[in-house]
Structure formats: structure tokens, C-alpha cells
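J.: This structure is in C-alpha cells; I'll ask about it shortly.
The values are calculated or read from the model by the stated rules, or taken from the named source; none is laboratory data. Keep in mind it's a predicted model, so treat the numbers as computed, not measured. Cβ placement follows ideal geometry from the backbone for every residue including glycine, while neighbour counts extend to all protein chains displayed. Areas reflect the complete protein model, heavy atoms only, side chains present, ligands, DNA and RNA absent. Shrake-Rupley method; radii C 1.70, N 1.55, O 1.52, S 1.80 Å.
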Amino acid sequence: SSELTLSVSCLQPSCFGYPLSIFFIVINEFCERFSYYGMRAVLILYFKYFLRWDDNLSTAIYHTFVALCYLTPILGALIADSWLGKFKTIVSLSIVYTIGQATMSVSSINDLTDHNHDGSPDNVSVHVALSMIGLILIALGTGGIKPCVSAFGGDQFEDDQEKQRTRFFSIFYLSINAGSLLSTIITPILRAQECGIHSKQQCYPLAFGVPAALMAVALVVFVIGSRMYKKVQPQGNIMIQVSKCIGFAIKNRFRHRSKEFPKREHWLDWASEKYDKLLIAQTKMVLKVLFLYIPLPMFWALFDQQGSRWTLQATTMDGDFGAIQIQPDQMQTVNPILIMIMVPVVDAVVYPLIKKCKINFTPLRKMTVGMFLACLAFVAAALVQVQIDKTLPVFPAAGQSQIKIINLGTDAATVQFGPQLQSVNVIPMESTGYMTFETSQLQSLNIMSGNKTTNKTITLPGGKRHTLEVKNTATGIVADWLSDNVMSKPEEGNNLIRFINNLPDPINVTMGGTSFGTLVSLSASNYSLFPGGRKDKIIAIRNSMLCSVTSKSFGYGSAYTIIINECSGDTLNVTYSEDIPPNTVHMAWQIPQYFILTCAEVVFSVTGLEFSYSQAPSNMKAVLQAGWLLTVAVGNVIVLIVAGASKLSEQWAEYVLFAALLLAVCIIFAVMAYFYIYVDPNEIEAQLDEEEKKQVEKDKDVYEKQAEADSQM
């Protein structure tokens with residue numbers, strides 16, 4: 001009977017004491033946040049590797065998009081409060097949002113314009129145009145519904161359900177973090193898959209398609225609950241009233257600027273001719289808080305680079321965590337994971353400890369500490385970048401040539417570069433590293449191996465890498481040049497592999513399903529691209545005899561030349577020559593910077609909103625939320641300006657620049673916070689109500705006395 005009671009109670013508009021409608025709202029929010037953060041996680045890599053933009057343009061467009069996402073909530077709030085109401089605003093903008101996500105998925109289909117089936121789009125501008133349309137629609141959608149969904153959830157509760165409403169907001173924010181955490185793990189995995197009709201590519205259509213599907217689910221779930229919702233009619237937007245009050249005060253002050261008009265205590269008092277004292281007092285409190293918001297965008301300028309610069313940094317690192325392989329865009333999951341751990345730890349352990357130490361850790365002091373921690377996070381990122389830069393290969397400048405020697409013979413070889421340049425000894429079946437020469441000085445070389453000698457003249461193009469293969473054979477010394485057309489480190493952690501046939505007969509070589517074709521004796525194949533961190537089977541067919549061996553692991557971001565020395569029985573004997581070293585700095589070194597930045601977010605972001613709401617009237621929360629979101633938008637614009645204007649060639653220097661800028665802003669904020677006087681809005685409002693009552697009674701007395709005087713006449 002208890003099961004029957006439970007099912008009957010849940011058929012009613014409430015379930016477990018909560019309005020049934022809020023369950024639809026929580027599911028909707030989870031799906032929407034999954035959709036947004038999933039798409040955003042892979043966005044920077046989509047710009048760089050699919051649209052082929054450089055790091056700076058990719059970062060600029062990424063931050064422009066994020067800035068738009070935080071500007072549009074103001075528009076969404078105005079539409080909901082002044083025109084459509086929250087329900088219709090959420091539905092209509094969710095449709096726009098879903099179309100935007102679907103457009104992004106279509107824009108990333110390689111085969112859309114790849115008419116010659118070579119694996120890269122023939123008309124990139126079509127993909128760019130579709131991407132930009134998609135991103136604008138997503139920014140309108142996600143930003144527009146952002147201020148409406150939580151407020152709409154709050155509207156579902158009755159006045160006597162304060163406890164349930166508070167718990168709803170906790171569940172609501174948990175669903176946001178759960179959605180962002182899961183999507184940041186899942187979409188990079190989907191992106192790393194290979195898909196395509198004519199050629200296999202990284203699966204961006206799937207990585208964007210799943211968030212699009214989740215957004216469609218969010219919309220359907222929200223609409224299904226339509227009949228259960230309590231829909232409050234639009235009652236005008238407080239932001240408009242505040243703006244009008246400020247506008248009138250400025251205009252009125254300008255009109256009465258001559259000295260004959262007495263000064264007023266505050267410039268907003270010039271609005272008193274048209275607006276009541278309460279609204280003016282509330283607007284003063286809001287402006288006092290908004291003034292403190294001025295330095296805050298600099299924090300967000302650093303914080304939001306997790307999804308851009310830090311993700312690009314991870315692409316040059318080693319993501320091998322033993323049993324699992326972490327994608328560069330998955331490192332962003334460290335933030336939501338740490339948030340879920342750090343928020344309760346800071347609230348239950350850190351703050352009480354500080355209180356016990358008799359330290360007055362006011363909200364503004366917490367925010368100052370948050371800013372300082374963000375500076376430290378970027379110093380940590382700079383230190384990691386310095387270590388990465390040390391491992392990057394140096395390529396030849398325009399007037400230089402780099403030469404590497406591979407000795408394919410069983411005798412040692414000595415190579416003398418002339419005239420009067422260095423002499424190099426190479427042991428049998430080994431290779432040297434790349435040596436750098438001024439191209440103009442390279443004129444000849446003398447090779448000695450066994451009891452044979454040969455001389456050759458050199459004419460090499462400048463600004464290139466070359467491999468010299470040397471072998472002492474029965475007929476003399478063979479010395480052939482191979483052009484190494486790789487002038488940059490392989491991206492996305494991929495590896496480049498090529499083969500040299502060191503057998504007397506032609507062989508057909510295949511590795512991991514990729515055919516290198518037939519190689520004649522002492523010839524080399526072209527480089528082919530392979531995903532990082534894998535071991536693949538190498539198969540060689542020689543005179544109808546099949547030999548195979550499993551390759552070694554090439555790590556991430558390397559280039560190797562594999563020399564086939566022997567194929568007998570079914571065994572293949574190979575040696576490896578490293579052309580470009582793999583990424584050696586591990587992705588785990590990013591965890592300290594993520595940890596410090598998450599600590600900064602906990603003491604800055606959570607405290608910031610809490611402080612804002614405590615210092616302004618309850619009916620002004622919308623204005624403060626708009627102001628807070630605006631600081632995030634401006635922060636992303638700062639990234640565009642600083643990254644564009646600094647022209648720093650070294651990435652670590654840019655990190656240090658951002659840390660220095662935030663430190664300067666942090667000092668300014670600390671000074672502003674020192675002079676800030678905390679207020680109690682309820683007390684001020686009660687005081688004004690009291691004054692108003694006294695004024696009404698005074699007016700009543702005056703009216704009664706006047707009426708009495710009139711009756712006596």
C-alpha cells in the first residue's frame with residue numbers, strides 16, 4: 001500500500017513536498033549545461049585543427065564567443081520581464097539554441113566540401129560561415145535563457161516553501177556542475193574518434209552533434225512540463241526602472257548646473273522630482289556595489305583561458321596516464337571535479353579555521369585573495385610553459401640547413417663536411433641528431449667507411465632539414481639525400497612515421513592499416529600520420545614472404561624514421577631513428593595551476609555573488625546578476641585586447657603579463673575594499689519606510705488642522 005500511496009502522491013502537482021514541475025526544470029538545466037560545456041570543450045581545437053586557424057585567431061574568436069554568451073543574458077532578462085514572460089522566452093530561445101548547435105555540427109562535416117576526397121575541406125569559408133552563424137545562435141540561446149531558468153524554477157514555489165526553494169537551488173547548481181563535468185569528459189572522447197564518408201577525420205560532427213541532441217532533449221523535456229508550471233506574467237524589468245532613474249538624475253543635474261541651484265547630497269538625489277525615495281536609495285546601494293565590480297573583469301580574463309590557452313598548452317604535453325589516455329580538452333574537467341570537492345571543504349574546514357584564528361575574513365578580503373591566487377595560477381602555467389619550450393625542436397632559419405646522418409651499413413663511417421667544417425663519426429646501424437650549418441658554407445663532403453672513400457659536392461636548399469643515408473656496400477659507398485619535409489612538431493599529439501628499406505630486395509610495407517607502398521632498396525617512404533600513444537603492427541612483404549613486428553610506443557607529437565634491416569622467417573628486424581622527440585612534459589603538471597585557479601574561483605566567485613546580494617535590496621538581484629555577468633563578458637574582451645596588443649612571441653611571457661596585470665588590479669581592488677563601508681539594505685529600507693510613515697502622519701496632521709481651520713471660518 002505504501003508503493004500505491006507514493007505513486008498516487010507523485011501524480012499530484014507535487015512530489016515529496018516539491019512542485020512536480022521543478023523536476024522538468026532540473027533535467028532541462030542538466031541537458032542545457034551538458035550541451036553548452038560539451039560544445040565549448042572542443043571549440044578551441046575545432047578552430048585550430050579543422051578550420052586551420054592559428055593559436056591567436058582561435059583564442060580571439062573563442063573569447064569573443066564567450067563574451068557574447070555573457071552579454072546576451074541582459075537581453076534575455078529584458079525580453080522575459082517586459083514582453084514574453086519567462087516560459088515563452090525559454091522555449092523560443094531554446095529553439096534558436098538547438099538550431100545553433102545543429103548548425104555547428106553540420107559546419108564540422110568534412111565531406112560537405114571535400115569534393116576531391118583528400119581529407120581536408122576544399123572550401124573552408126563555407127565551414128567558417130556556418131560556424132559563425134551557429135555560434136551567434138548559441139550565444140543568443142544560452143545567454144538569453146541563463147537568467148530565466150533559475151528564476152522560473154524559483155517561481156514554482158509558494159511563499160511558505162522557503163526551505164524547499166533553497167534546496168531546489170542547491171540541486172539546480174549541482175545539475176549545472178554535473179552537466180558540465182560529464183560533457184567535458186565525454187565530448188573530447190567523441191572528438192577523438194575517427195569518422196567520415198570518404199576519408200577518416202577526427203569526429204567533430206559527433207562531438208557537436210551529441211550536445212545538439214541534448215539541447216533538443218532539454219527543449220522537449222521543458223515543453224512536456226508546460227501544463228504543470230506556474231507562469232508569472234511579465235511585470236516590467238527593474239533594470240529599465242533603474243536605468244531611467246539614473247538617466248533622469250544625470251539629465252536633471254545637467255539642467256541645474258548653474259551655481260544658483262543648491263548642491264544635493266548625492267547626484268542621484270536629482271531624480272527625486274520624478275522617482276520616490278525608496279527607488280533612489282536602492283539604486284544608490286546597487287551603484288555602490290557596481291562600482292566595486294569595475295576591477296573584477298581582469299579575474300575572468302585569466303579564469304576563462306582554461307578553455308583556450310591552457311587547452312592549447314595541453315596539446316603540446318604527454319597525456320599518457322597509464323591505463324587511460326587523456327585528451328587535451330579533457331584537462332578542463334579538473335576544474336568542475338575540484339569545484340565539487342573544494343566548495344564543501346572551504347565552507348566546512350577552511351573558513352571555520354580562519355575564524356578560530358580570530359582573523360576577520362570579510363567577503364571583500366576573500367575576493368582579494370581569490371584574485372591573488374589567480375595570479376599564482378598563471379605563474380604556475382608560465383613555469384610549465386618554460387619546461388615545454390625546452391623540449392621543442394629547433395628548426396633551421398632561412399639561411400641554414402640541418403643535416404642528420406643514418407649509417408645503414410655494418411662498418412663505422414666518418415663524414416667530413418667541407419671545406420674545414422666538422423667531422424662526424426657514425427657507428428654501424430645508428431644515426432646522429434640534426435646538425436645545423438650555414439647553407440652557404442656547405443660545399444662538399446668526404447665519406448670514409450671500411451677501406452673505402454668517396455667525395456660529393458653539396459647543393460642543398462636553405463631553411464630545410466635533410467637526412468644523409470650512408471652505406472658501405474661491395475660496390476662502394478652509397479650516399480643518398482632524403483628531404484625531410486617536416487618543419488613543425490606534429491600537432492594534437494599525433495606522430496609522423498616513415499620507412500627506409502635497408503634490404504637488397506623491394507618490400508611492401510604496411511603499419512596499423514596504413515600502406516606505405518613498395519619501397520626499393522635504400523629508398524624512403526613519405527611520412528604518414530598516426531594517433532599518439534599507440535603501438536601498431538608493422539608488416540613487410542618480401543618476395544611473397546610475410547614478416548611482422550609490433551612497433552614500440554612513439555609517445556605523442558614525435559616523428560620517427562623506421563629502418564627495415566632484416567626480414568627472415570616471419571620476424572622483422574627494425575631500428576628506430578628519432579627525427580622529432582615526443583612530448584615529454586606530462587599533462588599532470590597542469591593540475592597545480594588548475595587547483596590554484598579553482599581555489600581562486602571558490603573564494604572569488606561564490607563570495608562575490610553572496611556579497612552582492614547581501615549589499616543590495618532583494619528586488620535588485622536582477623540588476624546585480626546582469627552586472628556580474630557583464631564583468632565576465634568584459635573579462636573575455638580583455639583577453640582579446642591584451643593578446644592582440646602584446647605581440648609577445650613567447651607564450652610563457654603572455655602568462656606572466658596576465659598575472660602582472662591581475663596583480664596590479666588586485667592591489668587597486670584591495671584599496672577600494674579597504675574604504676568600503678558595509679550596509680544592511682533591510683535596515684535602510686525599514687528606515688525609509690519609517691520616515692515615510694512619519695511623513696504620512698505629518699501630512700495627515702497638517703490636513704486635519706487645515707480642515708479644522710476651514711470649518712471654523
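J.: In the chain, with Lys and Arg counted as +1 and Asp and Glu as -1 at Cβ, which of these residues, F321, I539, G143, has the Cα nearest the positive end of the dipole, that is, farthest along it?
T.: In the chain, that residue is G143.
J.: What order do V350, V128 take when sorted by accessible area (1.4 Å probe), most exposed first?
T.: Heavy-atom accessible area, descending, gives V350, V128.
J.: On to the next question. Go through 198-204, 417-423, 171-177 and give me the packing order, highest mean Cβ count within 10 Å leading.
T.: In decreasing order of mean packing, 198-204, 417-423, 171-177 become 198-204, 171-177, 417-423.
J.: Quick one: accessible surface of H63, probe radius 1.4 Å, all protein chains present, in square angstrom to the nearest 10.
T.: Counting only protein heavy atoms, the figure is 0 Å².
J.: Counting heavy atoms of the protein chains only and a 1.4 Å probe, report the per residue accessible area for the range 22-236 as a whole number of Å².
T.: Accessible surface, normalised per residue, equals 41 Å².
J.: Once both axes come from the Cα atoms, what is the angle between helix 55-79 and the longest principal axis of the chain, in degrees from 0 to 90, rounded to 10?
T.: Around 20 degrees separate the two axes.
J.: Over the Cα atoms of the range 324-403, compute the convex hull volume and normalise it per residue, giving Å³.
T.: Once divided by residue count, the hull of the range 324-403 is 176 Å³.
J.: Take each of the peptides 480-491, 51-62, 389-400, average the number of other beta-carbon atoms within 10 Å over its residues, and list them starting from the highest. Show your work: numbers first, answer last.
T.: Working: 480-491: 15.2, 51-62: 18.3, 389-400: 13.7.
Going from most to least packed, we get 51-62, 480-491, 389-400.
J.: Right, another one. Per residue of the range 395-403, in order, report the coupling 6.51 cos²θ - 1.76 cosθ + 1.60 (Karplus, θ = phi - 60°) as ³J(HN,Hα) in whole Hz, putting x for Gly and Pro.
T.: 9, x, 6, 4, x, 10, 10, 10, 10
J.: Calculated from DSSP H runs of 4 or more alone, at -39500 (n - 2.57) each and per residue, what is the 222 nm mean residue ellipticity of the chain, nearest 500?
T.: Estimated from H runs of four or more residues: -17500 deg cm²/dmol.
J.: A follow-up question, please. Could you point to the residue in V386, M342, I638 farthest towards the positive end of the chain's charge dipole, with +1 and -1 charges on the Cβ of Lys/Arg and Asp/Glu respectively?
T.: Toward the positive end, the furthest listed residue is I638.
J.: Lys and Arg at +1, Asp and Glu at -1: add these up for the other residues within a Cβ distance under 11 Å of I562 and post the number.
T.: -1
J.: Between [x] 1.95; [y] 1.14; [z] 1.27, which entry matches Cα Rg over 2.2 N^0.38 Å as derived from the coordinates of this structure?
T.: [z]
J.: Same structure, new question: Accessible surface of C31 in the full protein assembly, 1.4 angstrom probe, to the nearest 10 Å²?
T.: 10
J.: Rg to Rh for the range 230-369: what is it, with Cα atoms only and Rh by Kirkwood?
T.: 1.18
J.: With all protein chains present, calculate the accessible area of K552 using a 1.4 Å probe and round the result to the nearest 10 Å².
T.: For K552, solvent-accessible area is about 80 Å².
J.: May I ask which of K244/K274; K251/K274; K274/K694; K244/K277; K244/K284; K390/K489 have a Cα-Cα span longer than 18 Å here?
T.: The pairs that break the limit, which is 18 Å between Cα atoms, are K274/K694.
J.: Which of the aspartates and glutamates could a cross-linker span from K404 if the Cα-Cα distance has to be under 20 Å and same-chain partners fewer than 8 positions apart are dropped?
T.: Within reach: E430, E438, E469, D480, D484, E578, D579.
J.: As I understand it, the value is the acute angle between the Cα axis of helix 2-11 and the longest principal axis of the Cα atoms of the chain; what does it come to in degrees, rounded to 10?
T.: 80
J.: Return the distance in nm (one decimal) between the two label points of a simple spin-label model at A348 and C195, each offset 7 Å from Cα along Cα→Cβ.
T.: About 4.1 nm separates the two model spin labels.
J.: Further question on the same structure: Assign unit charges at the C-beta atoms only (+1 for Lys and Arg, -1 for Asp and Glu), then state the dipole size of the range 147-204 relative to its Cα centre in Debye, rounded to the nearest 20.
T.: The dipole magnitude comes to about 440 debye.
J.: Rounded to whole Å, give me the distance from the Cα center of the range 50-105 to that of the range 259-304.
T.: Their Cα centres are 29 Å away from one another.
J.: Place a +1 charge on the Cβ of each Lys and Arg in the chain and a -1 charge on the Cβ of each Asp and Glu, then give the dipole magnitude about the Cα centre in debye, rounded to the nearest 20.
T.: Approximately 700 debye in magnitude.
J.: Right, another one. Relative to the longest principal axis of the chain, what angle (0 to 90°, nearest 10) does the C-alpha long axis of helix 621-646 take?
T.: With both axes taken from Cα atoms, the answer is about 30 degrees.
J.: Another question, if that's okay. If packing is taken as the average count of other Cβ atoms within 10 Å, what order do 430-442, 210-222, 666-678 fall into, highest mean first?
T.: Packing proxy ranking, top to bottom: 210-222, 430-442, 666-678.
J.: Report relative contact order for the chain in percent, whole number only (criteria: Cα-Cα under 8 Å, sequence separation at least 6).
T.: Rounded, it is 16 percent for the chain.
J.: Quick check: from the Cα gyration tensor, does the range 490-582 come out rounded (a/c under 1.5), prolate or oblate? Intermediate values should be presented prior to the final figure.
T.: Numbers: a/c = 2.06, a/b = 1.77, b/c = 1.17.
Since a/c reaches 1.5 and a/b is larger than b/c, the shape of the range 490-582 is classed as prolate.
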